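To start, the structure itself, in structure tokens.
The values are calculated or read from the model by the stated rules, or taken from the named source; none is laboratory data. Quick caveat, the model's predicted, so the values are computed rather than measured. Note: ideal-geometry Cβ built from the backbone for every residue, glycine included; neighbour counts use all protein chains shown.
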Amino acid sequence: MQTELTQHTSMARASLSRILASAAGVLMLPAASLAFAQTAVPVTVSVTAASHAYPLKISANRRYLVDRNNIPFLIVGDDPQTMVTQISTADAARFMEDRAAHGFNSLWIDVLNAGPYHGWTREDGATYDGISPFTGHLAAGNDTPHYDLSTPNEAYFARVDQMLNLAAAYGMTVFLDPVETGQWVPTLLNNGAAACFAYGQYLGRRYGHFNNIVWLNGNDFDHWDNPGRDEVVLAVAKGIKSAAPDQMQTIELNTNASSSFDDPAWVPLLSLNATYTYYPTYLQMWHSYNQSPVAPTFLLEGHYDMADNWPDEYGTPSVLRRQGYWAMLSGGKGQMYGNNYTDDFMSGWKDFVDTVGVTQLMLWHSFFSALPWQDLVPDQDHTVVTAGFGTPGHEKDRASKMDFCTASRTEDGSVVVAYMPTPREISVNMASLKAPANARWFDPVNGAYIAIPGGPFANSGQRRFTPPGKVNESNGDGDWVLLLVAQGSSF
């Protein structure tokens, strides 16, 4: 039986000073703004109690996550994947403090990651201060592909422990990748399925008491359709499952566009169907949402803030907004934010933590948190927005070039939400609402609401809506969110 996060958090808080002292001496946190300034002053770590009671579980209709008390859990994540190897525990604490203060509730962290795949100098998967993940090698070589998985280095995994204890103290769900497959598949293949299963068991036994962990297998797991590759990665996950059966799992498959359930061999093991795409997110999200069996889906990875991701699309605030609102209104129940600097903690990363992209993600969070977001059903057949929805396009289209309007409604007819990346008139089937409705425009750049005069509008027939200006003056991009709320709604 897993312990409750509240109990584990108390232990984490009690040991936080010890963790930081043993790892990095005096913890230097930034001033009250929590910005990553060049000058820092010593402060006391302040940990806010988790707002959700762990562990998480699947909702009754299997469309979203809830906490132990059945409170819906909207995934608002960041992906400091390389935290274990690239930064100190003190810097990790400062990063988590910042993210908790902004409203993030989830982190993607890798247990194993390594050099060439990420462009680092080190190729041995060791921490920045030289701690290797394994102490032995297979007979065939002494490089990373020939690490002996049966020889975990206690010092390395103690560093992983420290990061997970910090995450628990800050009330974060950790999407924990047991072995990053962009780099480590050769190591798994050289060790064989039995050793991979045993490594998974080691992780499950070591981390099974954390009830804020969701295991995130894979990561750019290209060529998963090769049976031998799939077998060894799956063996790790099965080993974890055998030792920690209550912890949920998911997987990220191939780059550019994929869903966890695309690989049928993984479906019996998975709780979440993670969506990965560099294309307009609604295309892959619809695919995930419509797959069987029904499972929560979320945007695990898309374009990164300040990164030139494939297909030659820079991660501007506009692109990040598009992919986030598109995903949420196409069946997604949350998203992971990616940052070019803090994914790999490249040189100068502290100057790029609190970005415009983060600010606007928190506006996205606030907007949907004020609604029954968990009950939104995507308008895939255009029965809600009936005209002006634009062109959905195809895979390999660039998000910045698409004009498609995604929309959702709650099944009880209390809410309709539509996101328009470009300004135009749209027509809404008002019968989608259970009662006459008030209407507002929401500005995804600055969080302002603009009431639409004339309401409440009858819940019958078609009504046309046009944004306040041809181009949104606050951003020059022209994206707006239309919000219709039926009178008498209880939220």
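Of note:
- Qualifying residue in the stretch 164-173 (condition: surrounded by fewer than 22 Cβ atoms within 10 Å (Cβ to Cβ), part of a helix (DSSP H, G or I) and of a type in the set (A, V, I, L, M)): no
- For the stretch 216-243, a residue qualifies if it is closer than 22 Å to Q81 by Cα, more than 21 Å from the chain's Cα centre (by Cα) and not in a helix (DSSP H, G or I), and the qualifying residues are H223, W224.
- Inside the stretch 214-234, residues that are surrounded by fewer than 22 Cβ atoms within 10 Å (Cβ to Cβ), touching a residue at least 40 places away in the same chain (Cβ under 8 Å) and touching a Phe, Trp or Tyr at 6+ places or on another chain (Cβ under 6 Å) make up a count of 1.
- Checked against (1) of a type outside the set (V, I, T); (2) touching a Gly at 6+ places or on another chain (Cβ under 9 Å); (3) under 15 Å from R322 (Cβ atoms), A437 meets all criteria but (3).
- Of all the criteria given as (1) within 21 Å of I58 (Cα to Cα); (2) buried (at least 22 other Cβ atoms within 10 Å of the Cβ), the one not satisfied by V267 is (2).
- Condition check for A435 on (1) modelled with pLDDT of 95 or more; (2) buried (at least 20 other Cβ atoms within 10 Å of the Cβ): one failure, at (2).
- Condition check for Q380: at pLDDT 95 or above, touching a Pro at 6+ places or on another chain (Cβ under 9 Å), of a type outside the set (D, E, K, R) and closer than 28 Å to S59 by Cβ: no
- The listed residue being at negative phi and surrounded by fewer than 18 Cβ atoms within 10 Å (Cβ to Cβ), out of R159, R122: R122
- In the stretch 293-383, counting only strands (runs of 3 or more DSSP E) that sit wholly within it, the ones holding 1 or more residues that are more than 16 Å from the chain's Cα centre (by Cα) and on the phi < 0 side of the Ramachandran plot span 376-378.
- So G413, is it modelled with pLDDT of 95 or more and either assigned by TED's automatic domain parsing to the domain that holds W310 or touching a Lys or Arg at 6+ places or on another chain (Cβ under 9 Å) (or both): yes
- Of all residues in the stretch 402-455, exactly one satisfies the criterion of being part of a loop (DSSP other than H, G, I, E, B), of a type in the set (V, I, T) and within 23 Å of the chain's Cα centre (by Cα), namely V445.
- If you go through the stretch 66-98 and keep only what is under 13 Å from the mean Cα position of the chain (by Cα) and not polar (S, T, N, Q), you end up with F73, L74, I75, V76, G77, D78, D79, P80.
- Selection within the stretch 139-156 - aliphatic (A, V, I, L, M) and either surrounded by 23 or more Cβ atoms within 10 Å (Cβ to Cβ) or in contact with a Pro (Cβ under 8 Å, 6 or more places away or on another chain) (or both): L149
- If you go through the stretch 249-271 and keep only what is in contact with a Phe, Trp or Tyr (Cβ under 7 Å, 6 or more places away or on another chain), over 25 Å from T187 (Cβ atoms) and not small (G, A, S), you end up with just V267.
- Here the stretch 142-163 is the region considered, the condition is being without any contact (Cβ under 8 Å) to a residue 24 or more places away in the chain and in a loop (DSSP other than H, G, I, E, B), and the residue that is farthest from I109 (Cα to Cα) is N142.
- Restricting the stretch 445-465 to residues that are under 28 Å from G393 (Cβ atoms) and at pLDDT 95 or above, the residue that is surrounded by the most Cβ atoms within 10 Å (Cβ to Cβ): F465
- Against the conditions (1) within 26 Å of the chain's Cα centre (by Cα); (2) at pLDDT 95 or above, A399 satisfies every one except (2).
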